[in-house]
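Working notes, structure below.
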Amino acid sequence: MEPRCPYAHVLDTRGTDLHTEAAHLRTHGPAVRVELPGRVLAWSVTRADVVKQLLTDSRLAKNARRHWPDWIDGRVGPDWPLASWVAVESMFTSDGQDHHRLRALTAPSFGPRRVEALRPRVRAITAALIDALRETAPGETVDLHTRLSYLLPTTLICDLFGVPEEQRPEIQRVVNGALATYSTPEEAKALIDDLFVAMALLVATKRATPGDDMTSELIATRDANGERLSEQELVSTLILMIGAGSETTVNLIDHAITLLLAHPGQLALIRAGEASWNDAIEEALRLEAPVMHLPLYFATEDIDLGEGVLIRTGEPVLFAFGSAGRDPELHPDRPGEFDLTRADKSHLAFGHGHHFCLGHLVARMEAEEALDALLGTFPDIELAIPAEELLPQESFIVNGLRTVPVRLTPASG
């Protein structure tokens, strides 16, 4: 009998304690059999070295339409809570030449020079949000998640893709809905339908009234040469770019702010010039990566990882990017502590290999501008509740916070 992992863990669909769950999985082997919503079985990979090894392994693929028998045969379909992560046809779910072709359409917009050229726009958005926060009464509690962390990335990405103001609430609703991992089949099917409807409406709008934006550029590519981008790929690319271009950055900003406020000694190092915003951002990415489990890869051949673990052809694999930074094998010195002076802050928060996140430079730049403006403007800012009482987003995919309540200035008198 060939080796199989007898252990199966039902993932907490509401992500109540992501790091404890990931640490638990890490002790059970190089990959662990887990149950996803809808009783779908997959392998969770939480160890940093195994994550890096497998993300460059040619025996893993992203295209469910070619490599996942349960999807191909219809045993898993559009009413599955995670369907929006596999049903799209974008660089996120493509391999080989298809992945290269689709990535090449957007990659130039996220190179170092193009990203740096965005800084004035990011700074202007941030300044407007900070100005609005200045109106807060002394001692009043405000939610930085809704007033800053969420608005900055979503405004920027919608601006870049030319999303009309009246379409933004619906697009943001369906993008946020894709992160929920506890939907009913009916809710999941409605969400994926709404996702495609919202993006198709954006495409129709920009076809009728093109502008100086990335959606119009993609449409021009599609209409001039359909061989480079199909209509389905166009809509799916918008789902990917507008969704991934905001949510992960929201979580990064939230966590960087809360970690610094919960560790005033570390913030003091930055104020004294002994550490930088970049140190804070990289340490936040290591300790609180914006994404925990990212669906899904599929084995194209049997993969024997040792320790009795055999991933069979066609089986799905879930990588715990948010686990790698806390792996004691990678960071043996206090892996669960926030320390800006840590020499090695390595992490896998933006992935690894061919599917490394295109927008990592934008995310880092937005976080830097947000931290500098917020903490420079409000030197007395403090969390309004203990950090351990902050509520996580209800998802095992993303590692985010529902709210970040703070007092910007002490109460007067």
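With respect to the stated conditions, T181 is open to solvent by less than 50 Å² (accessible area, probe 1.4 Å), under 20 Å from I242 (Cα atoms), in contact with a Gly (Cβ under 8 Å, 6 or more places away or on another chain) and among the hydroxyl-bearing types (S, T, Y).
Considering the conditions (1) closer than 28 Å to L82 by Cβ; (2) without any contact (Cβ under 8 Å) to a residue 60 or more places away in the chain; (3) crowded, with 16+ Cβ neighbours inside 10 Å, R342 is excluded by exactly one of them, (1). Find the residue count for the range 27-54, including only residues that are of a type outside the set (V, I, T), in a helix (DSSP H, G or I) and at pLDDT 95 or above. Of the residues in the range 27-54, 5 are of a type outside the set (V, I, T), in a helix (DSSP H, G or I) and at pLDDT 95 or above.
Restricting attention to the range 119-142 and to residues that are open to solvent by 30 Å² or more (accessible area, probe 1.4 Å) and outside any helix (DSSP H, G or I), the residue that is nearest to A367 (Cα to Cα) turns out to be R134. Pairing each residue of the range 357-372 that is closer than 15 Å to E247 by Cβ with any residue that is basic (K, R) and open to solvent by 20 Å² or more (accessible area, probe 1.4 Å), provided the two are 6+ apart or on different chains, yields C-beta distances under 9 Å for L358/R103.
Within the range 13-47, if we keep just the residues that are of a type in the set (S, T, Y) and within 19 Å of the chain's Cα centre (by Cα), the residue that is most open to solvent (accessible area, probe 1.4 Å) turns out to be T16. Against the numbered list (1) in contact (Cβ under 8 Å) with a residue 24 or more places away in the chain; (2) surrounded by 13 or more Cβ atoms within 10 Å (Cβ to Cβ), W71 comes up short only at (1). What number of residues within the range 74-98 are open to solvent by 40 Å² or more (accessible area, probe 1.4 Å) and at negative phi? Qualifying residue count for the region: 8. Restricting the range 241-265 to residues that are more than 15 Å from A284 (Cβ to Cβ) and crowded, with 21+ Cβ neighbours inside 10 Å leaves a set whose member that is nearest to the chain's Cα centre (by Cα) is E247. Just for the range 306-318: of the residues that are β-branched (V, I, T) and under 29 Å from S346 (Cα atoms), which one is surrounded by the most Cβ atoms within 10 Å (Cβ to Cβ)? Only one residue fits best here, namely I311. Would the range 319-336 turn up any residue that is hydrophobic (A, V, I, L, M, F, W, C), surrounded by fewer than 19 Cβ atoms within 10 Å (Cβ to Cβ) and more than 25 Å from L118 (Cβ to Cβ)? No, because not a single residue in the range 319-336 is hydrophobic (A, V, I, L, M, F, W, C), surrounded by fewer than 19 Cβ atoms within 10 Å (Cβ to Cβ) and more than 25 Å from L118 (Cβ to Cβ). Looking across the range 351-388, the residues that are crowded, with 21+ Cβ neighbours inside 10 Å and within 25 Å of D17 (Cα to Cα) come down to A363, A367. Look through the range 99-116, keep the residues that are aliphatic (A, V, I, L, M) and closer than 28 Å to R66 by Cβ, and return whichever of them is surrounded by the fewest Cβ atoms within 10 Å (Cβ to Cβ). That would be A104. On the stretch given as the range 389-402, residues that are surrounded by 15 or more Cβ atoms within 10 Å (Cβ to Cβ) and closer than 16 Å to I257 by Cβ total 6. Reported count of residues in the range 379-408, each being among the small types (G, A, S) and at pLDDT below 95, is 1.
Taking the listed residues R173, R147, the one that is open to solvent by 40 Å² or more (accessible area, probe 1.4 Å), modelled with pLDDT of 95 or more and either under 29 Å from L383 (Cβ atoms) or not in a strand (DSSP E or B) (or both) is R147, with no other qualifying.
Has the range 183-205 got at least one residue that is assigned to a loop (DSSP other than H, G, I, E, B) and in contact with a Pro (Cβ under 6 Å, 6 or more places away or on another chain)? Within the range 183-205, one or more residues are assigned to a loop (DSSP other than H, G, I, E, B) and in contact with a Pro (Cβ under 6 Å, 6 or more places away or on another chain).
Scanning the range 150-167 for residues that are closer than 25 Å to P405 by Cα, open to solvent by 30 Å² or more (accessible area, probe 1.4 Å) and in a helix (DSSP H, G or I) yields L151, T155.
The values are calculated or read from the model by the stated rules, or taken from the named source; none is laboratory data. Only a predicted model underlies this, so the values are computations on that prediction, with no experimental measurement involved. Ideal geometry is used to build each Cβ from the backbone, glycine not excepted, and the neighbour counts take in all protein chains shown. The protein model used for the area step is the full one, side chains on, heavy atoms only, and it has no ligands, DNA or RNA in it. Shrake-Rupley method; radii C 1.70, N 1.55, O 1.52, S 1.80 Å.
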